[in-house]
Amino acid sequence: MEVHFTDSFYKSLKVLIRHETWWYKTYEFFRYDIYRFFKNIYLFRKELYNFHAWEYSFNLRLFQKSLVLTADNLEKNGWEEDVSRGKKVKAIRRVVELLEHVINDDFLEQTEKELGVELKLSKSFWKNEPIEEDPVQEEINKKIINRSTEIEQQQWDELWFIIKGNPMFFYKNLDENLDDKNWEEKFDGSDIRSWWD
């Protein structure tokens, strides 16, 4: 078997070599990198302005914003075929939604809406009021708090399952019985390593 190189191979090789020179890297810095830097500052301005290093939710806000931008880009400019790209965008948007719940810590509100009852405290923490004993309300409060904790754990697990994904879907060669058609049917868009175009 003979191997021949066409002119396009040599042209591509020259381009690769040129991109490694100091003068091209300098050009690239001024032409692309500075623009991208200021664009990213603008895009993340709210998250950067409100960022504090003392709590994890601020890290999640940066991550959430980056995922929103990724989902928007995949949806509008993606080259991938619509079925798998749509599954990826749907998974990313679900992660964004779950991150919103974690950041806002709105699990009690979700529980109250689900159960149709409200959490009512019998003692004011701000005023020195006597405690009114109400066993029925205490039982309702206990049920709300327990269910709220369950919802929080379920959503936290779902969040990281989507990000981690199922290796079988990302690495088709791990399952000999998984051909292209079966893979497309079973692929759910999870696994952050597949969220690119």
Suppose we filter region 15-49 for residues that are surrounded by 10 or more Cβ atoms within 10 Å (Cβ to Cβ) and under 30 Å from residue 105 (Cβ atoms); how many remain?
8
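Does residue 117 meet the test of being at pLDDT 95 or above, assigned by TED's automatic domain parsing to the domain that holds residue 152 and farther than 22 Å from residue 194 by Cα?
Details: at pLDDT 95 or above: no; assigned by TED's automatic domain parsing to the domain that holds residue 152: yes; farther than 22 Å from residue 194 by Cα: yes.
Spelling it out, it is not the case that residue 117 is at pLDDT 95 or above, assigned by TED's automatic domain parsing to the domain that holds residue 152 and farther than 22 Å from residue 194 by Cα.
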When you scan region 27-145 for helices (runs of 4 or more DSSP H) that lie fully inside it, which ones turn up with 2 or more residues that are of a type in the set (Asp, Glu) and free of Cβ contacts under 8 Å to residues at least 40 places away in the same chain?
56-77, 82-104, 107-115
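Kindly indicate whether any position in region 38-60 is within 21 Å of residue 165 (Cβ to Cβ) and either assigned by TED's automatic domain parsing to the domain that holds residue 164 or out of contact with any Lys or Arg (no Cβ under 7 Å at 6 or more places or on another chain) (or both). Lay out the reasoning, then the answer.
First, pick out the residues of region 38-60 that are within 21 Å of residue 165 (Cβ to Cβ): 59-60.
From the residues that got through so far, the ones that are either assigned by TED's automatic domain parsing to the domain that holds residue 164 or out of contact with any Lys or Arg (no Cβ under 7 Å at 6 or more places or on another chain) (or both) too are 59-60.
Yes, the conditions are met somewhere in region 38-60.
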Sole exception among (1) more than 23 Å from residue 160 (Cβ to Cβ); (2) of a type outside the set (A, V, I, L, M, F, W, C); (3) assigned to a helix (DSSP H, G or I) for residue 2, by number
(3)
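The values are calculated or read from the model by the stated rules, or taken from the named source; none is laboratory data. In this text the structure is predicted, and so the values were computed from the model without any measurement. Using ideal geometry, Cβ is built from the backbone for each residue, glycine included, and neighbour counts are taken over all protein chains shown.
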